[in-house]
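Enquirer: Questions regarding the structure given below will be posed in turn.
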Amino acid sequence: MIAIAIQGALLSGLYALIALGFTMIYGVGRVLNLSHAAYVMLGAYVYFHCLQLVGLPVGLSMLIAIAVSSGAALATYVGLVRRYLHNPTIVFVSTFILALVLNYVVVLIWGMETKNVWPVVEGITLVMGHTVSKNLVAALIVSWLCIGGVLLFVRKTHLGRAMRALAMDRKGAIVSGINPDRVNLMTWAISGALAGVAGIFFGSYTYLVPAMWHMPMVMSFAIVIIGGLGSIEGTLIAAHIVGYMQTTTTLAIDERLRGVFALIIMIVVLVVRPKGLFGK
Amino acid sequence: MTRLLEVKGLTKRFGGVVAVNDLSFHIEEGEILGLMGPNGAGKTTTFNLIMGDYKPDIGEILFQGEGINRLQTYERVKLGIARTYQVPRPYNGLPIIEDIRISTIPDSITKCLRGQKQELEEVTQIGESVGLKDRLLKYPGELSLGDLRRVELAKAVALNPRVIMLDEIFAGLTVHEITEISTLLVEKRKTGLVFIVVSHDLKALAPLVDRAVVIQFGHLIAEGTYDEVVHNEKVKKAYFGM
Amino acid sequence: MVNWITSIKSFRWWLIAIAVMSLLPLFVPSSFLRICIMANFMVIFAISWDMMSGYTGYVSFGHPFLIGIAGYVTAMLSSQGGFQTTHIVLPLYATMPLGIAAAVGGGMLFFLPSMRIRGPYFSLVSLAFLMVLNRLMIAVRPDMTGGDRGLTSLPYVVTGAVDNYWLSLSLMFAIAIGLWLVAKSDVGHVLKAIRMDEDVVESSGLSTYRFKRFAFILSALTAGIGGVFYTHYMGSISPSGAFDYIFLLNIIVSTVVGGMGTIIGPIFGGYFITFFVEYLRPVLEGAWRFLAYSLVALAIVYLRPGGFYAIAHDIAGWFRAKRRGGIQYDQVT
């Protein structure tokens, strides 16, 4: 029971990191980047590579991993999506193909076998009478620091407010002098970075395998639909709904049914309340 | 005089903002009604409510005496209500004759499959009647705002409606274009079409409307003939803050 | 139906194509024919996908689901491998229609609800579906579905390269011409308008849901037809073949490279991708091959999203301009 509570919290936190980036891109640019979850995989593998294959210190490996995933997101925006912002069909198709391209690149460089990532923090600790790895606790703390950072950024900084303005009323924001391209660049970079962080901890929490981004992607979809596309609050709440649902399914019901509940809830929400909890 | 379209007690809130507040007005057969009010008064929202893009929180919408609140947008259009958009929304990849033709396509898969391409003559006529004679093969990117407004009008006319709601059809046009379109509307009225014209431009409406309603903050503040309304104290205050 | 006068002129191209391709077996070895058979099926899948995603703009990532369900139903009912507890073995003329019905029914059940809503939701649900189904097919009731190895030793409709080639060719042309006629009609126009601006279509008095649903049903129907015939050509079916991303990628790439929203484009796209992959096979292995044609597809999507169809149009227009020495107005498509 407590195991579910703790692991659920971690999974929700990681999912929140991933889904946040996904929904922010939609809020600011009205497009969905289907390769978003693949950046998680990139971040995980680059971290693994730097830390365990090259031997760099943990901090540096993290920085490089985050830089790579953020850079990949930026490259996707500049090189692929920017030209077709007004044509969601093309964005869907091209980002989907890109996701698979990234998948194959990872397979070619690192192979298909699963890899184990060393925990970021070694050892175990006691939480509410239950033994938990320190790594898990660290992941939880870092996730929430990042989420908190994003929330602060969006509320307090000029760029963050510009993001919200664009999400609320695109034409009005542009007329007020906001440069949508610059805001997009910033948003994509941030979302890529968040995905990278999630990847680092996902890797050490489970293991690395090229297909590791599939489930997070499905969960991201469910989260943004339940929470409402473009809404940060909705994403955070929905991430916990989905995270706990999945943890409960995995630990208490049947491992093989992992994605099914998310899918069911997705369809139910779409039928009953398509906008989700806080959708625009 | 029968009431063609009527709204009663229409109210719509968006979060904390009340866009339309207990609004009631009607339009009768053979009229051209002016829906006026300063910017942000809720005119476009009213159109959207009538068309079914939004659901009202409170209030009824009646067409020829029957409530249409439950109907979807396309069903309301089939009944006989059409609208133009404030910012023209042509199909960017199509020449405007094809654009207008879409309004004539029947809402039935079997009829579409059987194919009725002869509508092209009908569409050409409609296009010419709004003054687009030699420009029907052009693409939206090649046309002026005035012409795009005509396209919007043509698309609405091609639906064979009873009432057309024109959202800011004069905004951004030259004086000359305004006169042309105004004359056009008066001509169309002779064919039995009824218009609700939204405009924040009082002068453009002067020669055109029979009756007018003025709204501010989503609520009706004046109703009557154009002259009555324009000289109404509340209206003057709303527009000029006097 | 559909304004015969203009259609007869375009029909001559179809007739030429049918004639040329029917004669192919006389000139090429059966190994080449086998590649063509795969290409024919690829074209069927691509065209069926195009009818929905290319025309309405509602990109469906669940197409392998439709194909796979059809294939699995016909496979399970027609062989000893499936339904072992009940030993149901039905003849093909019964199982295949059931498979097709399963594709249409399953598609309508799972995908239609999200299609009512404007926006990316349909696409998201379809992709999520595929991903979840991938795992589910392996895990659930492997005694019926054959688990992760799938079902084998399925009955064939016809045997031999030549017969299968003609069968797949006829299917391909029947489906292509059928969908092409629908696309050329006003239904196609409405669908394309929906892709451009759905709100305005609705304001023109058309029930966009009804048109979208029609496109979807056609798409599922033709996907199902392709699925059942493909399964009984291959003689086997497995989750990795049916519900795979690679399969989805192939379908999307074929359509995109050929030209989305054209029906004709995917014919060339399907053949191109099939032969491209075949000739890459000895040169590059596994992931390199997929990477290669994914990058090609990405390049084409980015540079000329209209695909081969648009490029052909450009070339034809260039020739016409050179001959007449002036500016041409585009033909109404």
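Enquirer: Could you check, for segment C:189-206, whether at least one of its residues is basic (Lys, Arg), touching a helix residue (DSSP H, G or I) at 6+ places or on another chain (Cβ under 7 Å) and facing chain B (nearest Cβ under 10 Å)?
Expert: yes
Enquirer: Turning to a different aspect of this structure: All but one of (1) at pLDDT 90 or above; (2) farther than 27 Å from residue A:241 by Cβ; (3) of a type in the set (Val, Ile, Thr) hold for residue A:114; which doesn't?
Expert: It is condition (1) that residue A:114 fails.
Enquirer: Also, quick follow-up: Restricting attention to segment C:103-137, which residues are buried (at least 23 other Cβ atoms within 10 Å of the Cβ), more than 30 Å from residue A:230 (Cα to Cα) and under 21 Å from the mean Cα position of the chain (by Cα)?
Expert: The answer is C:103, and nothing else.
Enquirer: For the subset of segment B:13-45 comprising residues that are touching a Lys or Arg at 6+ places or on another chain (Cβ under 8 Å) and among the charged types (D, E, K, R), which member is farthest from residue B:193 (Cα to Cα)?
Expert: That would be B:28.
Enquirer: What number of residues in segment C:213-263 are surrounded by 24 or more Cβ atoms within 10 Å (Cβ to Cβ) and part of a loop (DSSP other than H, G, I, E, B)?
Expert: Qualifying residue count, segment C:213-263: 6.
Enquirer: If you don't mind, another one. So is residue B:129 more than 14 Å from every other protein chain (Cβ to nearest Cβ), surrounded by 21 or more Cβ atoms within 10 Å (Cβ to Cβ) and of a type in the set (S, T, N, Q) or not?
Expert: Answer is no for this residue.
Enquirer: Any idea how many residues of segment B:105-126 are of a type in the set (Val, Ile, Thr) and at the interface with chain C (Cβ under 9 Å from one of its Cβ atoms)? First the steps, then the outcome.
Expert: Within segment B:105-126, the subset of a type in the set (Val, Ile, Thr) is B:105, B:109-110, B:123-124, B:126.
Checking the rest, the ones that are also at the interface with chain C (Cβ under 9 Å from one of its Cβ atoms) come to B:105, B:109.
So the answer is 2.
Enquirer: Being over 22 Å from residue A:279 (Cβ atoms) and assigned to a helix (DSSP H, G or I) is the filter here, so list the residues in segment A:154-173 that pass it.
Expert: Once the filter is applied, which keeps residues that are over 22 Å from residue A:279 (Cβ atoms) and assigned to a helix (DSSP H, G or I), segment A:154-173 yields A:156, A:158, A:159.
Enquirer: Given the structure, is residue C:241 touching a residue at least 24 places away in the same chain (Cβ under 8 Å) and within 29 Å of residue A:82 (Cα to Cα)?
Expert: Details: touching a residue at least 24 places away in the same chain (Cβ under 8 Å): yes; within 29 Å of residue A:82 (Cα to Cα): no.
For residue C:241, the condition - touching a residue at least 24 places away in the same chain (Cβ under 8 Å) and within 29 Å of residue A:82 (Cα to Cα) - is not met.
Enquirer: Follow-up. Output the residues belonging to segment A:215-273 that are part of a loop (DSSP other than H, G, I, E, B) and farther than 18 Å from residue A:40 by Cβ.
Expert: Within segment A:215-273, A:228, A:229, A:230, A:231, A:254, A:273 meet the criteria.
Enquirer: For segment B:64-84, does any single residue satisfy the condition of being outside any loop (DSSP other than H, G, I, E, B) and more than 11 Å from chain C (Cβ to nearest Cβ)?
Expert: Yes; the residues of segment B:64-84 include at least one that is outside any loop (DSSP other than H, G, I, E, B) and more than 11 Å from chain C (Cβ to nearest Cβ).
Enquirer: Also, I was wondering about something else. Given (1) surrounded by fewer than 23 Cβ atoms within 10 Å (Cβ to Cβ); (2) touching a helix residue (DSSP H, G or I) at 6+ places or on another chain (Cβ under 9 Å), where does residue A:91 come up short, assuming only one miss?
Expert: It fails just one condition, (1).
Enquirer: With in the same structural domain as residue B:41 (by TED's automatic domain parsing), assigned to a helix (DSSP H, G or I) and not small (Gly, Ala, Ser) as the only criterion, which of B:128, B:121, B:180, B:223 stands out? Don't jump to the end; show me each part of the working.
Expert: Values: B:128 fails: in the same structural domain as residue B:41 (by TED's automatic domain parsing); B:121 fails: in the same structural domain as residue B:41 (by TED's automatic domain parsing); B:223 fails: assigned to a helix (DSSP H, G or I).
Sole residue among the options that is in the same structural domain as residue B:41 (by TED's automatic domain parsing), assigned to a helix (DSSP H, G or I) and not small (Gly, Ala, Ser): B:180.
Enquirer: I'd like the full set of residues that are surrounded by 15 or more Cβ atoms within 10 Å (Cβ to Cβ) and among the β-branched types (Val, Ile, Thr), limited to segment B:2-58.
Expert: Matches in segment B:2-58: B:7, B:11, B:18, B:20, B:27, B:32, B:44, B:45, B:46, B:50.
Enquirer: While we're on this one: Those residues that are under 30 Å from residue B:191 (Cα atoms) and among the charged types (D, E, K, R), I need them from segment B:1-37; list them, please.
Expert: Once the filter is applied, which keeps residues that are under 30 Å from residue B:191 (Cα atoms) and among the charged types (D, E, K, R), segment B:1-37 yields B:3, B:6, B:8, B:28, B:29, B:31.
Enquirer: Quick check on this structure: which one of A:78, A:101, A:68 is at negative phi and facing chain C (nearest Cβ under 10 Å)?
Expert: The conditions single out A:101.
Enquirer: Does residue A:238 satisfy the condition of being on the phi < 0 side of the Ramachandran plot, small (Gly, Ala, Ser), crowded, with 23+ Cβ neighbours inside 10 Å and within 9 Å of chain C (Cβ to nearest Cβ)?
Expert: Considered against the rule, which asks whether it is on the phi < 0 side of the Ramachandran plot, small (Gly, Ala, Ser), crowded, with 23+ Cβ neighbours inside 10 Å and within 9 Å of chain C (Cβ to nearest Cβ), residue A:238 comes out as no.
The values are calculated or read from the model by the stated rules, or taken from the named source; none is laboratory data. No experiment lies behind these values; they were computed from the predicted model shown. Positions of Cβ are backbone-derived with ideal geometry, glycine not excepted, and every protein chain shown enters the neighbour counts.
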